[in-house]
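What follows is a set of notes on a single structure, which appears directly below.
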Amino acid sequence: MFDRIATLIVNRSVLVLVMCAAVFTTAAAVGAAVIPRMSGGGYGDSSSESARVVTILEDTFQITEPHLTLAIGQIDVKDSVDKPAVTQAANDVISDLLKTEGVAKIDSYWSLNKSSNLKSHDGSLALVFVYLEGETLDIKNAVSKQIIESTPAIQDDVEIYIGGTGAIYTAINTQITQDITFAEFISIPLTLILLLIVFGTAIAAGMPLMVGISAIGGALFGIWAVSLFTEVSVFALNLITGLGLGLGIDYALLIVNRFREELARGRDVADSIRTTLKTAGKTVMVSGLTVALTLGSMIVFPQSFLKSFAYAGVAVCMTAVLGALIPLPAALYLLGHKIDKFKIRRGNLAPGDDGAWATIARNVMKRPIVTTVSVLIVLISLATPSLTAQFSQVDDRVLPASSEASKTSQLFRDEFDSNESAPIEIIIPAGTSESAITKFASDVSLHEEIIRVETPAGIITKGQLLSLTPEMGWPGTTLEAAGMTRLRVIGDVQSRSIAAQDLITDLREMSSSPQGTLIGGVSADFTDSQRGIGNRLGWALLWVAVATLILLFLFTGSVLLPIKAIVLNVLSLGSTMGVLTWMFQNGNLQWLTGEYTVTNTLDTSTLVLITIVTFGLSMDYEVFLLSRIKEEHDAGSETTESVALGLQRSGRIISAAAALLAVVFAAFLTSSVTSIKMLGFGIAFAILLDATVVRGLLVPALMRIAGRYNWWAPAPLRKLHERFGITD
């Protein structure tokens, strides 16, 4: 295959470049149409119990949850919400909001008979619930943004605080967009400078851009095609741009360095291209497949947010491979020795056989057991804090404390007793007896975290049934429809918290729960989302392990090397998780990361993304290293010499690629959104740890210990590799 590609490039290099430019430009132009189609949501499990409750509430009970929750009143003026002037001012505000296109209806303290549950502790604030039209979350978020931007903080002598789901997600999405733009403003100039230093010449430094732009353009087309059939998250764009440029750097470094190496050996340009494709090209193909399959594992998760990263990851990896194997070699063939024109740094640009990495490898292999034990102690120590990790999801506290959405959410927590805008919704099926409903509702009300349960018969508080008077409940709220009964449960825990997850679990496990009962609401949605990730995580990890074992076996013919690669990646990831727990869960090193609200939890989705992306990139570097070691071993070198030469010829590429990618992700530390800080630091730390400590120390030590067994495989597998192995 690689011979045919090389022949095509040598004979038709100009045509190849023109065709590639046309194809990738067209792909980018068509793919750009995906951007307005992309979703800002997708965090929930659409197949879950809570999702079914949402459908029943909307279709049968004609009930939707408010997208915005406002607090209106004269703060610190006790009982001001009951004054005629404040009532009039609040009604004026509500009247203005009702004129906004997209607002379906508004309920408030004043329209709901001044229920005491909707008034703050001191009576200075009252709640207003805004319900929006629109079939998708993105449409509702657009209306939310319009309301937030057009509603003044003070109007007619009353203060207005806007919170709720719509306000929080609008604030988070807006802040992330601004922060990533700023991070790119910092990282792009630094990356360009580092590219010049690493590649050594101005012309060579432009090669990663060719691969990166090809990858981004092709990936945009790929997710556009996917978006025709399913929801795609807007945040997949960040993975496409970041990983596209990252893989562009990795693969261009590998191809350009091997091309220079072959030229330095005296080969002509055509032969150098052929050898480069048969060696480095094969490595790029295996690496791309490995990273693509690793990222593709996220498709098993129920959230479209994570599925989107699978679509984007596979698309960007495959197009990066195409960019590295076709237009890049064509450009190198046309440039020939001119690739080294406009030299930036001194010294020989072609990699040599002696240097720092070879010296490190030889010293490590003199004391392999001491090195292995020492490094393992360090890695396990770093991983230890992960044993105390607690997992949650993004809420308003990922925003800076100065954010209006964050301040409003904290105001709600401080001034109101319960989650009036985010009740637990319980649907009891038709045919259930009134006594069974009352018994279950009474048991629910006795839970220590439950304030009250609203039923068709009245409000139940701590087992006591009270009549549903206007001052106590929500008159007019539909609690019966199509024979089904709806219980509206108000709890006293944060909707997206570990305590909420425990509460939903307790309610679902109650022995008095009628058969067929469904529990939904924000807390249940959070619980189902967490469980969805937890239940599928094992399958994702199995996918990654099996795919890695098969590909690395087909590449190396060894049984031990693929197992070693997985074990080392697990150690590296464990260390990263431990550091993230110590920093972001416990709030350490904020002088480095910048200030954020410590919630004593870690965002589950962000951790999944860090784990899968860094595992893929670690395998990228593993393939780079093993390819050179195997090449030397196949040429007849002993293990010690193969490892030393392999590390010398790939170590600079791996460390340079890791440093460049780390700069891109480390720039995310400038974000004021905690999950983005964690994502940036986690990936930067993991790839630097992997490229230095793991690849530079552990790999040589373990390969020295294993000796000739590095390449062992039982006879049946050897025959399998001879037939199906990845060769030239």
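The values are calculated or read from the model by the stated rules, or taken from the named source; none is laboratory data. Just so it is clear, the structure is predicted and the values come from calculations on it, not from any experiment. As a convention, Cβ positions derive from the backbone with ideal geometry for all residues, glycine included, and neighbour counts pool all protein chains shown. These area figures cover heavy atoms from the full protein model, side chains too; ligands, DNA and RNA do not enter into them. Shrake-Rupley method; radii C 1.70, N 1.55, O 1.52, S 1.80 Å.
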Tell me the accessible surface of HIS121 in square angstrom (1.4 angstrom probe, heavy atoms of protein chains only), to the nearest ten. 100 Å²
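Given the Cα-Cα distance of SER435 and ASN535 and 0.36 nm per residue of separation, how much length would full extension add, in nm?
On the way: separation 100, 0.36 × 100 = 36.00 nm, distance 3.57 nm.
Once the chain is fully extended between SER435 and ASN535, it gains 32.4 nm.
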In whole Å, what is the distance between the alpha-carbon centres of the stretch 380-404 and the stretch 20-72? 25 Å
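Return an integer: the convex hull volume of the alpha-carbon atoms of the stretch 193-265, in Å³ per residue. Mind dumping the intermediate values first?
Values: hull volume 6.0 nm³, N = 73.
Convex hull of Cα atoms, per residue: 82 Å³.
Where only protein heavy atoms count, and the probe is 1.4 Å, what is the accessible area per residue for the stretch 289-349 in Å²? Provide the component values of the computation, followed by the final result.
Details: 2160 Å² over 61 residues.
Each residue of the stretch 289-349 exposes 35 Å² on average to a 1.4 Å probe.
Between LYS341 and SER150, what length comes free when the chain is fully extended (0.36 nm per residue of separation minus the Cα-Cα distance, one decimal in nm)? Mind showing how you got there, number by number?
Working: separation 191, 0.36 × 191 = 68.76 nm, distance 5.66 nm.
Between LYS341 and SER150, full extension yields an extra 63.1 nm.
Given Cα pairs under 8 Å that are at least 6 residues apart, what percent is the relative contact order of the chain?
Numbers: 1264 pairs, mean separation 141.4, N = 728.
So the answer I get is 19 percent.
Mind scanning LYS114/LYS407; LYS282/LYS341; LYS99/LYS677 and naming the pairs with a C-alpha gap bigger than 29 Å?
Working: LYS114/LYS407 25 Å; LYS282/LYS341 27 Å; LYS99/LYS677 39 Å.
Where the Cα-Cα span goes over 29 Å, the pairs concerned are LYS99/LYS677.
According to the Cα gyration tensor, what semi-axes, each the square root of 5 times an eigenvalue, does the equivalent ellipsoid of the stretch 551-603 have, listed from largest to smallest in whole Å? Don't skip to the answer; put the middle values down first.
Numbers: eigenvalues 267, 17, 13 Å².
Equivalent ellipsoid of the stretch 551-603: 37, 9, 8 Å, largest first.
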For the stretch 315-411, which chymotrypsin sites (Phe, Trp or Tyr not before Pro) are both in a DSSP coil and crowded by at most 16 other Cβ atoms within 10 Å? PHE342
Between the alpha carbon centres of the stretch 197-276 and the stretch 487-511 the gap in Å comes to 49 Å
Under the Karplus relation 6.51 cos²θ - 1.76 cosθ + 1.60, θ = phi - 60°, what is the ordered set of whole-Hz ³J(HN,Hα) values for the stretch 292-303, x standing for Gly and Pro? 4, 5, 5, 5, x, 5, 5, 5, 6, 6, x, 7
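Rounded, prolate or oblate: which fits the stretch 368-433, taking a ≥ b ≥ c as square roots of the Cα gyration tensor eigenvalues, rounded meaning a/c under 1.5, else prolate when a/b beats b/c? Walk me through the numbers on the way to the answer.
Details: a/c = 5.33, a/b = 1.88, b/c = 2.84.
Because a/c hits 1.5 or more and a/b fails to exceed b/c, the stretch 368-433 counts as oblate.
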Qualifying chymotrypsin sites (Phe, Trp or Tyr not before Pro) for the stretch 226-308 [loop in DSSP, other Cβ within 10 Å: at most 16]: PHE229
I need the Kirkwood Rh of the stretch 567-673: take the reciprocal of the average 1/r across all distinct C-alpha pairs and report it in angstrom. 16.1 Å
Accessible area of THR136 in the full protein assembly, 1.4 Å probe (Å², nearest 10): 60 Å²
When all C-alpha to C-alpha distances in the stretch 239-369 are sorted into bins of 10 Å, what percent of pairs does each bin hold, rounded to whole numbers? 12, 32, 28, 21, 8, 0
Taking alpha-carbon centroids only, the stretch 288-346 lies from the stretch 128-195 a number of Å equal to 32 Å
Tell me, what ³J(HN,Hα) does each residue in the stretch 449-465 have, in order and in whole Hz, if you take phi through Karplus 6.51 cos²θ - 1.76 cosθ + 1.60 with θ = phi - 60° and put x for Gly and Pro? 9, 9, 8, 7, 10, 8, 10, x, 7, x, 8, 10, 10, 6, x, 9, 8
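Starting from the exponent 0.38 and prefactor 2.2 Å, build the expected Rg for the stretch 628-670 from its residue count and divide its actual Cα Rg by it.
Working: Rg = 15.1 Å, N = 43, 2.2 N^0.38 = 9.2 Å.
This ratio for the stretch 628-670 stands at 1.64.
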Residue-wise HN-Hα coupling along the stretch 359-370, computed from phi with Karplus coefficients 6.51, -1.76, 1.60 (Hz; x: Gly, Pro): 5, 4, 4, 5, 5, 4, 6, 6, 10, x, 5, 4
Could you tell me the accessible area of CYS20 in Å² (1.4 Å probe, neighbours in place), rounded to the nearest ten? 20 Å²
Work out, in µm²/s and without decimals, the Stokes-Einstein translational diffusion coefficient of the chain at 10 °C, 1.306 mPa s, Rh from Kirkwood over C-alpha pairs. 56 µm²/s
For the stretch 23-113, what is one quarter of the convex hull surface built on the Cα atoms, given in nm²? 11.0 nm²
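If the stretch 525-616 were replaced by its equivalent ellipsoid, with semi-axes equal to the square roots of 5 times the Cα gyration tensor eigenvalues, what would those be, largest first, whole Å?
Working: eigenvalues 188, 66, 14 Å².
Semi-axes, largest first: 31, 18, 8 Å.
What net charge is computed for the residues neighbouring GLY102, neighbours being all others with C-beta under 10 Å from the C-beta of GLY102, Lys and Arg scored +1, Asp and Glu -1? It would help to have the intermediate numbers written out before the result.
Values: positive: LYS140; negative: GLU101, GLU133.
Neighbour charge sum, excluding GLY102 itself: -1.
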Solvent-accessible area per residue for the stretch 365-426 (1.4 angstrom probe, square angstrom): 48 Å²
Rounded to the nearest 10, the angle in degrees between the Cα long axis of helix 137-150 and the longest principal axis of the Cα atoms of the chain comes to 70 degrees
Apply the Debye scattering formula to the stretch 78-206, with a single equal point scatterer on each alpha-carbon and no solvent, then give log10 I(q)/I(0) at q = 0.20 Å⁻¹. -1.14
Give me the three principal axis extents of the stretch 85-144 from the C-alpha atoms, as integers in angstrom, largest value leading. 37, 21, 16
Students often forget the sequence filter, so: which lysines lie under 18 Å Cα-Cα from LYS462 once same-chain residues fewer than 8 apart are removed? LYS439
